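**Student:** Below you will find the structure I want to go over with you.
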Amino acid sequence: MMLITTSHRPTRRTRSFGHDLERVFPNSLYITRGKKTIQELLMEAYDRGYERLLILNVWKGNPLKMTFIKVDPEDWGYLGYLYLHGIKLQREIGFKGLNPIREDMPLIVTTAKRVGWDHIAFAQVFAELTTGKFVPRGDKSLMSIADRYNTDVLAVIERHPRGMSINFYRLDVTKDRPVGPLINVKIWIMEDGRRWDYKEAILGLKVRRRGRRETEESNGENSD
């Protein structure tokens, strides 16, 4: 599915976040960035057979942004970005030492029940970013969806007071509750122009549209 790493000089919490994501994205791998450039990471991802490169950027000690890059030696490029309000690690939810999923199974992306169109649109975007499969929720249970697509892992888009949340389920671990990590998203931006900002969508505020680089500089985040 994807190769996961961080920006340079990551914090311990960001590294833990990368390991958590390795445990919920099937057949994915977290690696230490070191001094590797984007080009070197892309080549490593390609050599390992991954379709995506995910870079976790840091601000004030916490993960601020998730950058998704398409892995293709002839057509690689940035796909989109998730700007975060915060995260909750698996160990903070009560799960430690989960094993990564080292077998082929789809990541199913769906929503909680009775959510808005914004949540459905984001679920489709998240599936696109991760090479997962979007499945409309309707009135179906998570168990019935997982059984239909022969998987143990689901990413569920949920409501959040300041945006949206992504919660992960590992049905091989427990069928009763999510295992995390819980990711709170305040803004998502796709390179093709699609975007969502909770200040505009929920608060009704006019937000000046900024480019990716300008947004990074104003947030003071570590560069790729």
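**Student:** Once R0 is set to 35 Å, what does the formula 1/(1 + (r/R0)^6) return for the Cβ-Cβ distance between Asp176 and Arg48, expressed as a FRET efficiency to the nearest 0.05?
**Tutor:** Details: r = 34 Å, r/R0 = 0.97.
My answer for the efficiency is 0.55.
**Student:** Probe radius 1.4 Å, ligands and nucleic acids ignored: give me the carbon and sulfur share of the accessible area of the range 45-140 as a rounded percent. Let's see the in-between values first.
**Tutor:** Numbers: 2050 of 4600 Å².
With neighbouring chains kept in place, the figure for the range 45-140 is 45 percent.
**Student:** Could you sort the peptides 141-152, 178-189 by per-residue average Cβ neighbour count (10 Å cutoff), highest mean leading? Let's see the in-between values first.
**Tutor:** Working: 141-152: 14.4, 178-189: 22.0.
The most tightly packed comes first, giving 178-189, 141-152.
**Student:** Going down the list Lys70/Lys113; Lys70/Lys96; Lys88/Lys199; Lys65/Lys88; Lys36/Lys133, which pairs span over 20 Å between their C-alpha atoms?
**Tutor:** Pairs exceeding 20 Å: Lys70/Lys113; Lys70/Lys96; Lys88/Lys199; Lys36/Lys133.
**Student:** Taking the Cα centre of the range 47-103 as origin, sum charge times position over the Cβ atoms of Lys and Arg (+1) and Asp and Glu (-1), and report the length of that vector in debye to the nearest 20. Mind dumping the intermediate values first?
**Tutor:** Details: 9 positive and 7 negative charges, 102 e Å.
Once rounded to the nearest 20, the dipole reads 480 debye.
**Student:** Quick one: what are the phi-derived ³J(HN,Hα) couplings along the range 116-125, Karplus 6.51/-1.76/1.60 with θ = phi - 60°, whole Hz, x for glycine and proline?
**Tutor:** For the range 116-125, the Karplus-derived couplings read x, 5, 4, 5, 5, 4, 5, 4, 5, 5 Hz, x marking Gly and Pro.
**Student:** Counting Lys and Arg as +1 and Asp and Glu as -1, each charge on the Cβ, what is the dipole of the range 66-181 about the Cα centre in debye, to the nearest 20?
**Tutor:** Roughly 620 debye for the range 66-181.
**Student:** Let me know the charge dipole size of the chain about its Cα centre in debye, to the nearest 20, where only the beta-carbon of Lys, Arg (+1) and Asp, Glu (-1) is charged.
**Tutor:** Details: 38 positive and 29 negative charges, 211 e Å.
So the magnitude is around 1020 debye.
**Student:** Using a Förster distance of 41 angstrom, determine the FRET efficiency expected from the C-beta separation of Ile202 and Ser141, and round it to 0.05.
**Tutor:** Efficiency for this residue pair is about 0.90.
**Student:** Say each of Ile31 and Thr131 gets a label point 7 Å from the Cα, pointing the same way as Cα to Cβ; how far apart are those two points in nm?
**Tutor:** The answer from the label model is 1.5 nm.
The values are calculated or read from the model by the stated rules, or taken from the named source; none is laboratory data. Everything quoted here is computed from the prediction, not taken from an experiment. Here Cβ is always computed from backbone atoms with ideal geometry, including for glycine, and neighbour counts include all displayed protein chains. Quick note on the areas: whole protein, heavy atoms, side chains included, nothing else; ligands and nucleic acids left out. Shrake-Rupley method; radii C 1.70, N 1.55, O 1.52, S 1.80 Å.
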